[in-house]
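S.K.: Okay, here's the structure, questions in a sec.
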Amino acid sequence: MIARLNHPDYDRWATQVRNTGGCRQPIHLRGKVDHYDQATGQLLHRYTTRHEPDGILRLPCKTRRASRCPSCAETYRADTYQLIRAGLIGGKGVPTTVTSHPTLFVTLTAPSFGTVHACREKNGKTLPCHARRNAPTCPHGRATTCTTRHSKDDPRIGEPLCPDCYDYTGSVLFNALAPLLWKRFADAVRRHLAKHGGLPLSELRHHLTLSFAKVAEYQRRGVVHFHAVIRLDSSDGPAFPPPAWVTADALTHAVQHAAKVVTATATATAPAYEDEPERALRWGDQLDVRRITLDGDLTEQAVAGYIAKYATKAAECVGTLDRRVNPLDNLDAFNLRDHARRLIATCMRLGALPELAGLRLADWAHMLGFRGHFSTRSRRYSTTLGELRAVRERFVHTEEVAHGRLPLFDEDTILVISEWEYVGKGYSVGDALLATAITGGGQ
Ligand SMILES: [Zn+2]
Ligand SMILES: [Zn+2]
Ligand SMILES: [Zn+2]
């Protein structure tokens, strides 16, 4: 730390740290960028990391996981908010007329895999978890009731009353098949809309586009569910409304119908496993479908904020691990709660079955079987994270020109040749303390 502070290039180092926006684990790059005049071949400008502190450039890691880097995750959350919002009220290249298109906010949940401890509140009072008179005990001799009034932060919430009765196989397979179940759900919505319009399915895309943005959220019991914005556009995308025969009511019916009928079967990727020949998974009964309107109780702002909030959360909020599990790892050494350990162990056990190899459960054991994306949008929903990043990078570039670090040039006549090499990431302990002091902890 003292060496860093006394070093002559300390100021430049501090600037690099500030430019990463408080990233906790910046990427280290070594390389150069040359700007040549296309016509004469003359080298106009050269940037090389050779003169940077430690000979490297530090860039933000751009993770979306708050447990790894709060500051980059915050950037990701803010970007997600902007693009969800653009899809709801326009902006960022989406016309404001999208507000007139039928739009729903839909929550698709997982089914029950066994009774779990819950925090129940009614009129501000906490109720007993699962109170039942004369309830029998389970085959393992455990009570099937719980009269505890659990507070919101009770670590037992989401954990089963009897772990031996709990369907861990079902829970893990549901997470693994959830992306397929979503795809089948979207297809079923399209099929239902086509039927409603008296069209063959193949014709539907010439009449309308189903646009959506969704995020996955882990419930405390360790299963994912999805929150989605589903919108109808013209066949050309969000610039025009869909035909008048598809109303918000028609879309609501299609969503309710599709959520009920679709299934994903583990044997679709596997002929058989253990003693069960096949396992069909479907959405849970708790389906929430609400209309998003400019003046109603569910506003665009609220929905965009809600979706963005979940975009940076991963499975670690249910007490699992923040990294991949190695088959040789001793799970007992990780100090996990029993429920999380059993979910991970189930992934490792099922992942070793050749019939289920396609689900790659061992690779995704730390995610409790889910290997989908946390936040996805259909192509026509709104702008993309990549475009938002490009805008930000152009802004940084303009700043560099303004400060004289890059020459002002006409992009068409200049040839840019860059060479970059990844040489590591993160900070030493001393550098991390200094970086925290410079950027205020990156919060
Ligand atoms: Zn970062
Ligand atoms: Zn309980
Ligand atoms: Zn039991």
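S.K.: When the residues of the stretch 162-187 are narrowed to those that are within 15 Å of ligand 3 (Cβ to nearest atom) and in contact with a Cys (Cβ under 6 Å, 6 or more places away or on another chain), which ends up nearest to Arg337 (Cα to Cα)?
M.R.: Cys162
S.K.: Go through the stretch 109-119 and count every residue that is under 19 Å from Cys162 (Cβ atoms), touching a strand residue (DSSP E or B) at 6+ places or on another chain (Cβ under 9 Å) and either polar (S, T, N, Q) or not in a loop (DSSP other than H, G, I, E, B) (or both).
M.R.: Qualifying residue count, the stretch 109-119: 2.
S.K.: How about the stretch 130-143: which of its residues are assigned to a loop (DSSP other than H, G, I, E, B) and more than 11 Å from ligand 2 (Cβ to nearest atom)?
M.R.: Hits for the stretch 130-143 are Arg132, Arg133, Asn134, Ala135, Pro136, Cys138, Pro139, His140, Gly141, Arg142.
S.K.: Considering (1) farther than 30 Å from Gly87 by Cα; (2) assigned to a loop (DSSP other than H, G, I, E, B); (3) modelled with pLDDT under 80, say which one Arg379 fails and leave the rest.
M.R.: With respect to (1) farther than 30 Å from Gly87 by Cα; (2) assigned to a loop (DSSP other than H, G, I, E, B); (3) modelled with pLDDT under 80, Arg379 is out only on (1).
S.K.: Which pairs turn up if I take residues in the stretch 41-64 that are in contact (Cβ under 8 Å) with a residue 12 or more places away in the chain and more than 25 Å from Thr75 (Cα to Cα) and look for partners that are surrounded by 19 or more Cβ atoms within 10 Å (Cβ to Cβ) and of a type in the set (Phe, Trp, Tyr) with beta carbon separation below 6 Å, at least 6 apart in sequence or on another chain?
M.R.: Pro53/Trp13
S.K.: Name every residue in the stretch 189-213 that is part of a helix (DSSP H, G or I) and farther than 14 Å from Ala228 by Cβ, in order of residue number.
M.R.: Those that are part of a helix (DSSP H, G or I) and farther than 14 Å from Ala228 by Cβ: Arg190, Arg191, His192, Leu193, Ala194, Lys195, His196, Leu201, Ser202, Glu203, Leu204.
Residue by residue, here is whether (1) more than 21 Å from the chain's Cα centre (by Cα); (2) within 16 Å of ligand 1 (Cβ to nearest atom); (3) surrounded by fewer than 21 Cβ atoms within 10 Å (Cβ to Cβ) holds:
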{"position": "Arg58", "(1), (2), (3)": "yes, yes, no"}
{"position": "Asp79", "(1), (2), (3)": "no, yes, no"}
{"position": "Leu108", "(1), (2), (3)": "no, no, no"}
{"position": "Ser112", "(1), (2), (3)": "yes, no, yes"}
{"position": "Gly141", "(1), (2), (3)": "yes, no, yes"}
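S.K.: Condition (residue is away from ligand 2 (no atom under 16 Å from the Cβ), closer than 29 Å to Ala362 by Cβ, of a type in the set (Asp, Glu) and assigned to a loop (DSSP other than H, G, I, E, B)) applied to the stretch 166-178: is it met by at least one residue?
M.R.: So far as the stretch 166-178 goes, yes, one or more of its residues are away from ligand 2 (no atom under 16 Å from the Cβ), closer than 29 Å to Ala362 by Cβ, of a type in the set (Asp, Glu) and assigned to a loop (DSSP other than H, G, I, E, B).
S.K.: Take the residues in the stretch 271-284 that are among the charged types (D, E, K, R), in a loop (DSSP other than H, G, I, E, B) and modelled with pLDDT under 90, then tell me which one is surrounded by the fewest Cβ atoms within 10 Å (Cβ to Cβ).
M.R.: Among those residues, the one meeting the criterion is Asp275.
The values are calculated or read from the model by the stated rules, or taken from the named source; none is laboratory data. Quantities reported herein were computed from a predicted structural model and do not represent experimental measurements. Using ideal geometry, Cβ is built from the backbone for each residue, glycine included, and neighbour counts are taken over all protein chains shown.
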